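The values are calculated or read from the model by the stated rules, or taken from the named source; none is laboratory data. Just so it is clear, the structure is predicted and the values come from calculations on it, not from any experiment. Please note: Cβ atoms are built from the backbone with ideal geometry, for glycine as well, and neighbour counts cover all protein chains shown. Surface areas here come from the heavy atoms of the whole protein model, side chains and all, with no ligands, DNA or RNA. Shrake-Rupley method; radii C 1.70, N 1.55, O 1.52, S 1.80 Å.
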Amino acid sequence: MVVLIPFLPALAFTILIFFGFILKEKAPWLAIAALGGSFFLSLQTAFKLFPTGREINISYPWFSFAALSFHVDILSGWMLLLVSGVGLLIVIYSVGYMKGDPRFARFFAYLSLFCAAMLGLVLSDNLLLMYIFWELVGLCSYFLIGFWFEKPAAAAAAKKAFIFTRAGDIGFFLGILLLFLSVGSFEFKTIFAAAPALLPGLLTASTLLLFCGAVGKSAQFPLYVWLPDAMEGPTPVSALIHAATMVTAGVYMIARLFPLFELAPLTLNVVGYVGIGTAIMAGLIAVTQNDIKKILAYSTISQLGFMMLGLGAHSPHAGVFHLLSHGFFKALLFLGAGSIIHALHSNELADMGGLVKAMPVTSLTFIVGTLALSGMPPFAGFFSKDEILMAAYQRLPIGFWLALPAVFLTSFYMFRLCFKVFPGEVKGHPHESPLVMTAPLIILAILACGFGFFNPFGGAAEEEAGKLFVLFASLGTAFLGIFSAWLLYGIKIISLARYKQTLLYKFVAAKYYLDEFYIWFVGGLVALISRLLAIFDQRIIDGLVNLAGLVTQGFSALNRLFDIYIVDGCVNLAGWVLGFSGEKLRRLQTGYVQNYLLFIVIGIVIIWIIKFGL
């Protein structure tokens, strides 16, 4: 039955992509039924495995070096619940959000394939199968980010996401090949068993290459620039990408292969420091954004950095715990933002205000998500974030101290958003969203409230003194962020206009000019190489081809002359000789008997002379 978990949404995709034009408005119910079936099977699997700690291994013959193998344990079991459960809520929400879209059925077909690909990735038990689903997830993101492809910005964002994630996937692919050439198998268990005998440099190189894939998929520095642009897609797509599918793939991959990464401490240090660096950089950018979805996008990048910090601090359970809790409250925040956008038809904070009066359900659930993201007790983010901070405090101290500014920034930019959107006078003509959109918000808000009390992996062993210090440092920093946001955007004790004119603010608001760097340096470098290759093609390749043509023409001309004057000449000479000889010999045939008798007499004389002499 485990095989049906990804198969059901894949089947829904197949039906919808070919027959969606017939189903029309009924199309989403097929997607809901399929993903609901996957969620039910995931729950059934979880209830059987979690209490006993059992694992499920399923394998079908495929290649000699890799089988179609699936594996379910506590890690993949919880990921199945996250992807199918949150995905189901997002699909239900999409019924109201996408109503009236001309490609209504196709949207749900793509959502179904997206979830099927992620579920297949989670279940994969070898690198080859994981890579196939990994790339399929990337393809689905291209379809969904560019779903409104008639908008130039959406089409460009889809291409940007595809190109940047492919850049990371090159490293991922090379890492897989390096491990296969070293071990001779793609199977996880075989690789884990052989890994201790591999050279340390080989392990470090292969894990760093695998991490490149996570940098692209999970939007870490320097490849994170695609994720904010991905907000050009429909908001349910943003929620699905950020909460339950694409961006979690990189974190999950490292957690699944952690026995391999654990043998490469240098790689784990790189993972941790890249993660916390990304968290700070993205948090600073989020402070300067005025598009509600862009703020949440940079928030996701920052929180993914926290997850990477947990992994780099040798605590995959802390990283995955935050991944799961983040999946709930980030889906809640994105769907809440979608509800606001659906009501106001604008993404800009300047067009929002007083929504707590006009949209009470959306406002309350969004504030719950904000508290969870900010790490306030008793919400889920408080427990999962502190697990990461505790792991960093014990094993990566520099990472811990760098994480505290990121904690401050998280609560600051989220409450900056809330103080701009919910209190004050009502702007525009907002209205509460329909039940099909608010019901998923309520369910996700409940999960964001209660999930933190249940750590699915159990807490790590902690020193009591260290635990209290981390707790107070984390809470104090988060409260300081909230208080600062209240001063600046709640009661507005000072004007921020002049600070927005500073070079530092402009530098951060311009996203460190990283996009411009890619356009100028990478794009310019590619253009330069392309021009050089074009010149090489025209002058060298085409020159060699043209030279070969001229040489061939020369040989052809010589061959023609040889054919005309030598071959044809010899043939013509032979014909002329024969003709001339025939002409001369013909004259010997006169028809007169006396001539023939004369020739006979002359012949006899010649023979006599030759034989007897004169």
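Sorted by mean Cβ packing within 10 Å, highest first, what order do the peptides 522-533, 297-308, 194-205 take? Working shown, then result.
Values: 522-533: 10.7, 297-308: 28.5, 194-205: 14.7.
Per-residue Cβ counts within 10 Å, averaged per peptide and sorted highest first, yield 297-308, 194-205, 522-533.
When the Kirkwood hydrodynamic radius is evaluated over all pairs of different C-alpha atoms of the stretch 284-334, what value in angstrom, to one decimal, is obtained?
Evaluated on the stretch 284-334, it is 11.5 Å.
Using the Karplus equation 6.51 cos²θ - 1.76 cosθ + 1.60 (θ = phi - 60°), what ³J(HN,Hα) coupling, rounded to whole Hz, does each residue of the stretch 156-169 give in order, writing x for Gly and Pro?
Ordered by residue, 3J(HN,Hα) equals 5, 5, 4, 5, 5, 4, 5, 5, 5, 5, 5, 4, x, 5 Hz.
Which of the three applies to the stretch 427-510, rounded, prolate or oblate, going by the alpha-carbon gyration tensor with a ≥ b ≥ c and a/c under 1.5 meaning rounded?
Details: a/c = 2.56, a/b = 1.16, b/c = 2.20.
Oblate, because a/c is 1.5 or more while a/b does not exceed b/c.
Assuming 1.002 mPa s and 20 °C, estimate D for the stretch 291-446 with Stokes-Einstein, Rh taken as the Kirkwood radius over Cα pairs, in µm²/s. If you can, show how the numbers build up before the last one.
Numbers: Rh = 15.9 Å.
It diffuses with D of about 135 µm²/s by this estimate.
Between the stretch 365-381 and the stretch 254-298, what is the C-alpha centre distance in whole Å?
20 Å
Keeping every protein chain present and rolling a 1.4 Å probe, give me the accessible area per residue for the stretch 160-285 in Å². Working shown, then result.
Values: 3510 Å² over 126 residues.
Value for the stretch 160-285: 28 Å² per residue.
Once each part is reduced to its C-alpha centroid, what is the distance from the stretch 41-60 to the stretch 211-229 in angstrom?
Computed from Cα coordinates, the inter-centre distance equals 32 Å.
Based on the mean of other Cβ atoms within 10 Å per residue, sort peptides 475-481, 105-111, 348-354, 83-89 so the most packed one is first.
Highest-to-lowest ranking by the protection proxy: 83-89, 105-111, 475-481, 348-354.
Apply the Kirkwood formula to the stretch 169-292: the hydrodynamic radius equals the inverse of the mean of 1/r over all pairs of different alpha-carbon atoms; give it in Å with one decimal.
15.6 Å
For the chain, give the percent of accessible area contributed by carbon and sulfur heavy atoms, probe 1.4 Å, rounded to a whole number.
Values: 19860 of 27360 Å².
For the chain, the apolar C and S fraction of the accessible surface comes to 73 percent.
Can you compute the FRET efficiency between Leu585 and Leu547 using 1/(1 + (r/R0)^6), with r the Cβ-Cβ distance and R0 = 51 Å? Round to the nearest 0.05. Present the calculation step by step, with values, prior to reporting the outcome.
Working: r = 55 Å, r/R0 = 1.07.
Step by step, r from the Cβ atoms, then E = 0.40.
How are the Cα pair distances of the chain distributed, in percent, across 10 Å bins from 0?
In whole percents, the pair-distance histogram is 3, 15, 24, 22, 12, 5, 3, 2, 2, 2, 3, 3, 2, 1, 0, 0.
Calculate the tail of P(r) for the stretch 108-233: the fraction of all Cα-Cα distances greater than 20 Å, expressed in %.
Values: 3800 of 7875 pairs.
Tail of P(r) above 20 Å: 48 percent of Cα pairs.
If DNA, RNA and ligands are ignored and the probe is 1.4 Å, what is the ranking of His429, His242 by accessible area, most exposed first?
His429, His242
Ratio of Rg to Rh for the stretch 458-587, alpha carbon only, Kirkwood?
Value, to two decimals: 1.74.
Find the eigenvalues of the gyration tensor of the Cα atoms of the stretch 1-55, then list the square roots of 5 times those eigenvalues as equivalent ellipsoid semi-axes, largest first, in whole angstrom. Could you put the intermediate results ahead of the total?
On the way: eigenvalues 175, 20, 4 Å².
Gyration-tensor ellipsoid for the stretch 1-55: 30, 10, 4 Å.
Relative to the compact globular guide of 2.2 N^0.38 Å, what is the alpha carbon radius of gyration of the stretch 21-168, as a ratio?
Taking the Cα Rg and dividing by 2.2 N^0.38 Å, one obtains 1.16.
If the label point is 7 Å along Cα→Cβ of Ile604, which residues in the stretch 567-597 have backbone nitrogen under 12 Å from it?
Once the point is set 7 Å along Cα→Cβ of Ile604, 597 turn out to lie under 12 Å by backbone N, inside the stretch 567-597.
Two-decimal Rg/Rh of the stretch 315-374 from alpha-carbon positions, Kirkwood Rh?
Numbers: Rg = 13.7 Å, Rh = 12.5 Å.
When Rh is taken as the Kirkwood radius, the ratio is 1.09.
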